[in-house]
Amino acid sequence: MDNASTDGTKCPIQAMARLAPENRPVRYLYCGQPGKANALNLGLSKVRTRHFLTVDADTWLEGLREVPPWRQSGCTRYFTSVNLSIIYLDLAYLFGFVPGVILTLFGYCYLVGLLTVFTALVGALCFWTVYRYQKRLDIPFKNTLFGFILFLFFFQLVQSTASLHGYLSHLAGRRQSWK
């Protein structure tokens with residue numbers, strides 16, 4: 001979903017589409033109305049599969065080399081800082097929080113401590129500020145405890161695992177590509 005980009009995004013995406021296997025098609029779509037929500041909503045209206053993945057331009061760490069956080073302004077600087085803190089949260093979540101919760105449920109509190117509490121507080125602060133920002137944009141969503149639990153223990157687990165794979169691939173110098 002190209003959100004009115006001016007960087008020549010269309011050509012590489014169309015090249016990927018020509019090379020994509022039939023069972024995993026890549027389609028280029030254009031959204032002329034600025035704003036991530038507009039692009040996501042238009043893209044999601046075109047999804048016809050049970051599972052899908054959204055990826056932003058800032059998903060790749062290489063983007064930070066081009067425009068580092070200290071050269072950004074306003075909300076962009078803040079959300080880039082949140083994105084950078086997510087690296088810590090992903091690692092702490094996968095290797096501390098989730099194992100700590102599982103072990104605690106079985107009566108072993110070895111991993112629960114200050115780091116777990118700190119991770120929970122930093123995560124809560126990040127999620128709360130993003131929630132407040134989205135609420136100001138009048139993005140409709142439901143507030144349910146069940147939804148939050150699913151987010152925390154399912155979506156975040158998948159997202160953190162995928163992110164860890166991306167971090168390790170980047171650090172190993174492996175070229176990222178869509179297949």
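Across region 37-52, the number of residues qualifying as surrounded by 13 or more Cβ atoms within 10 Å (Cβ to Cβ) and not small (Gly, Ala, Ser) comes to 4.
Scoring ILE139 on the criteria (1) closer than 25 Å to ALA39 by Cβ; (2) open to solvent by 40 Å² or more (accessible area, probe 1.4 Å); (3) modelled with pLDDT of 70 or more leaves a single failure, condition (3).
Tallying residues that are within 20 Å of LEU91 (Cα to Cα) and open to solvent by less than 100 Å² (accessible area, probe 1.4 Å) within region 106-129 yields 13.
A Cβ distance below 7 Å, combined with a sequence gap of six or more or placement on separate chains, defines the contacts here; from region 92-117, residues that are at pLDDT 75 or above reach residues that are surrounded by fewer than 11 Cβ atoms within 10 Å (Cβ to Cβ) in the pairs LEU103/TYR110. When the residues of region 1-36 are filtered to those that are open to solvent by 50 Å² or more (accessible area, probe 1.4 Å) and part of a helix (DSSP H, G or I), the one that is nearest to VAL158 (Cα to Cα) is LYS36.
So that you can scan it fast, the table gives a plain yes or no per residue for (1) out of contact with any strand residue (DSSP E or B) (no Cβ under 8 Å at 6 or more places or on another chain); (2) at pLDDT 80 or above; (3) within 23 Å of GLY173 (Cβ to Cβ):
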| site | (1), (2), (3) |
| --- | --- |
| LEU44 | yes, yes, no |
| ARG48 | yes, yes, no |
| ALA57 | yes, no, yes |
| TRP70 | yes, no, no |
| GLY74 | yes, no, no |
| ARG77 | yes, no, no |
| ALA120 | yes, no, no |
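The values are calculated or read from the model by the stated rules, or taken from the named source; none is laboratory data. Values in this document were obtained by computation on a predicted structure and should not be read as measured data. Here Cβ is always computed from backbone atoms with ideal geometry, including for glycine, and neighbour counts include all displayed protein chains. With ligands, DNA and RNA removed, areas are computed over all heavy atoms of the protein, side chains included. Shrake-Rupley method; radii C 1.70, N 1.55, O 1.52, S 1.80 Å.
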